[in-house]
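What follows is a set of notes on a single structure, which appears directly below.
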Amino acid sequence: DSQGFLVGIITDGDLRRLMTREGDILENTAEDVMGKKPKSITQDSLAVDALNLMEDFKITMLPVADNDGKPIGMLHMHDLIKAGVVS
């Protein structure tokens, strides 16, 4: 948003579902397509907490927010695998 807070995210699943429903999605805006209030973690969260959130909600990527709640990055399941959190 105008203050730098994350207001939504578009996933490949969102796009697949939209294409199934509507076919041609080229006229949609990001706001039309995005999932509102996406799951996220803070930069101080433990990796295992991120993993649990991903497993609970069957997602492979999480936005990472700073201590003010503003997005600073994305954590992918592959990052956790590389770090040895997932075996």
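Kindly indicate which of Asp32, Asp14 is touching a strand residue (DSSP E or B) at 6+ places or on another chain (Cβ under 9 Å) and without any contact (Cβ under 8 Å) to a residue 60 or more places away in the chain.
Asp14
Quick grid of which residues meet (1) part of a loop (DSSP other than H, G, I, E, B); (2) open to solvent by less than 40 Å² (accessible area, probe 1.4 Å); (3) of a type in the set (Asp, Glu):
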residue	(1), (2), (3)
Gly4	yes, yes, no
Arg17	no, no, no
Thr20	no, no, no
Glu31	no, no, yes
Lys39	yes, no, no
Ser45	yes, no, no
Asp49	no, no, yes
Asp56	no, no, yes
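Can you find, within region 58-86, the residue that is surrounded by the most Cβ atoms within 10 Å (Cβ to Cβ) among those that are acidic (Asp, Glu) and closer than 20 Å to Gly4 by Cα?
Of everything passing the filter in region 58-86, Asp66 is surrounded by the most Cβ atoms within 10 Å (Cβ to Cβ).
Out of everything in region 60-87 that is small (Gly, Ala, Ser) and under 21 Å from Gly35 (Cβ atoms), what residue ends up being farthest from the chain's Cα centre (by Cα)?
We begin by selecting, within region 60-87, every residue small (Gly, Ala, Ser); these are 65, 69, 73, 83-84, 87.
This time we only want the ones that are under 21 Å from Gly35 (Cβ atoms), so: 65, 69, 73.
Working: Ala65: 11, Gly69: 14, Gly73: 10 Å.
Going through the qualifying residues, I end up with Gly69.
Cβ-Cβ under 7 Å, sequence separation 6+ or interchain: first residue in region 58-77 and among the β-branched types (Val, Ile, Thr), partner open to solvent by 30 Å² or more (accessible area, probe 1.4 Å) and part of a helix (DSSP H, G or I). Which pairs?
Thr60/Met77
The values are calculated or read from the model by the stated rules, or taken from the named source; none is laboratory data. Values in this document were obtained by computation on a predicted structure and should not be read as measured data. When we count neighbours, we look across all protein chains shown, and the Cβ atoms used for this are built from the backbone with ideal geometry, even at glycine. Just so you know, the surface numbers come from the protein's heavy atoms only, side chains and all, with ligands and any DNA or RNA stripped out. Shrake-Rupley method; radii C 1.70, N 1.55, O 1.52, S 1.80 Å.
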